[in-house]
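Throughout, read-outs are computed from the coordinates displayed, never taken from laboratory work. Nothing here was measured: the structure is a model prediction, and the numbers come from that model. Cβ coordinates were reconstructed from backbone atoms using ideal geometry, including for glycine residues, and neighbour counts include every protein chain displayed.
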Amino acid sequence: MLTCVRMLQPTTLDEAYELITTRHKTAPLLAGGCWLRLGKRQWPAVIDLTELELEYIVKDGDEYAIGAMTTQRDVETYEAFQHLGGGILPQALSPILGVQFRNMATIGGSVAGRFGFSDIIPALLALKADVVLYKAGRMSLEDYLTYDKRDILIEVRIKCEQPAVALMALRKSASDFPYLVGAMRHDAVGYSIYVGGRPGVAVKAKRASSILTAGRENAVAEAGEAAAAEMFFESNSHTSASYRQAMTKVLIERLWYTVTTAGDNAGEVPAWK
């Protein structure tokens, strides 16, 4: 249960930024608070972002802008996202616990939390999403995941037109945390592979992506081997590091099949080998 001595509710971004950088440098930002509520720590202060008017989805030119306080459920049910990237965003969000949870959890909290078990971060990486921060401005999500300065995430931006992308998560049961999540993108530049749930936050498998882009014979199998070798895996209560490593190879094969058949029979997935 979330407990705190003071609940601060800034009404402007200037006020919120001043709080997190001067008076309450260690206070957590409350953006839905679904995971923060599970902790047992009593915080001296918590900064609630609900008064900042960051709950929206708008089409801005050739992009969609998603406010940081927009709920997962609103993103999941937004009409345009049912088709963008083959519906990768609803696909990423629908397995997350229950509708009641997704009506509280926010996109900003999901991204800023950088959770290793996240379904949404690999999906957004495959969409080449950018984030907009109050002080640092706009940057790629990939860069933001290693950004270590205190700032406020304002919105997530996604291009309206998307090339072939795919997302797959391996979990023990339908609503369980995934023990491995993979996403893939194929565009004019080539292939990009992202793997999370290792159990670390999703990162790009750079060598595997290069191998797949080169398109040599047996490239898919070689890319799977490369990803399993270049990434760090750990064991936890969900599964072992060695199993995650082995399943990464299969995950990449399935993602590649889905991406390459996106304009044909993308719903058809090959049998496990």
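For Ile154, the amide hydrogen comes within under 5 Å of the amide hydrogens of Val132, Leu133, Tyr134, counting only partners 5 or more places away or on other chains and with H modelled in the peptide plane.
Projected label points at Ala214 and Glu230, each 7 Å from Cα along the beta carbon direction, are separated by 1.0 nanometres. Under 5 Å from the amide H of Leu180 lie the amide H atoms of Leu170, each residue being 5 or more positions distant or on a separate chain, with H modelled from the backbone and absent for Pro and chain starts.
Sorted ascending by nearby beta carbons within 10 Å, beginning with the fewest, Met7, Met247, Met184 become Met7, Met247, Met184. Most tightly packed first, judged by the mean number of other beta-carbon atoms within 10 Å of their residues, the peptides 151-161, 54-64, 84-94, 117-127 read 117-127, 84-94, 151-161, 54-64.
Remark: region 148-157, residue by residue, has Karplus-estimated 3J(HN,Hα) of 10, 8, 6, 7, 10, 6, 8, 7, 10, 10 Hz, where x stands for each Gly or Pro and the curve is 6.51 cos²θ - 1.76 cosθ + 1.60 at θ = phi - 60°.
Among the listed pairs Lys128/Lys249; Lys149/Lys204; Lys159/Lys204; Lys25/Lys128; Lys59/Lys249; Lys135/Lys249, a Cα-Cα separation exceeding 28 Å is found for Lys25/Lys128; Lys59/Lys249; Lys135/Lys249.
Under the rule of -39500 (n - 2.57) per DSSP H run of 4 or more residues, summed and divided by the residues of the chain, what mean residue ellipticity at 222 nm is obtained, to the nearest 500 deg cm²/dmol?
Estimated from H runs of four or more residues: -8000 deg cm²/dmol.
Rounded to the nearest whole Hz, the Karplus-based 3J(HN,Hα) values (6.51 cos²θ - 1.76 cosθ + 1.60, θ = phi - 60°) of region 203-219 follow the sequence 9, 7, 8, 5, 5, 4, 4, 5, 5, 5, 5, 5, x, 6, 4, 6, 4, with x at glycine and proline.
Suppose a student asked you for the relative contact order of the chain, using Cα pairs under 8 Å spaced at least 6 residues apart; what percent would you report? Relative contact order, the chain: 14 percent.
Once the Cα atoms are used to define both axes, helix 241-260 deviates from the longest principal axis of the chain by about 80 degrees. Full extension of the chain between Glu53 and Ser237 yields a length gain of 62.4 nm, computed as 0.36 nm times the residue separation minus the alpha carbon distance.
Along region 19-31 the Karplus relation, 6.51 cos²θ - 1.76 cosθ + 1.60 evaluated at θ = phi - 60°, assigns HN-Hα couplings of 5, 7, 10, 10, 7, 9, 5, 9, 5, x, 8, 9, 10 Hz to successive residues, with x for each Gly and Pro. Per-residue Cβ neighbour counts within 10 Å put Arg150, Arg73 in the sequence Arg150, Arg73, beginning with the fewest.
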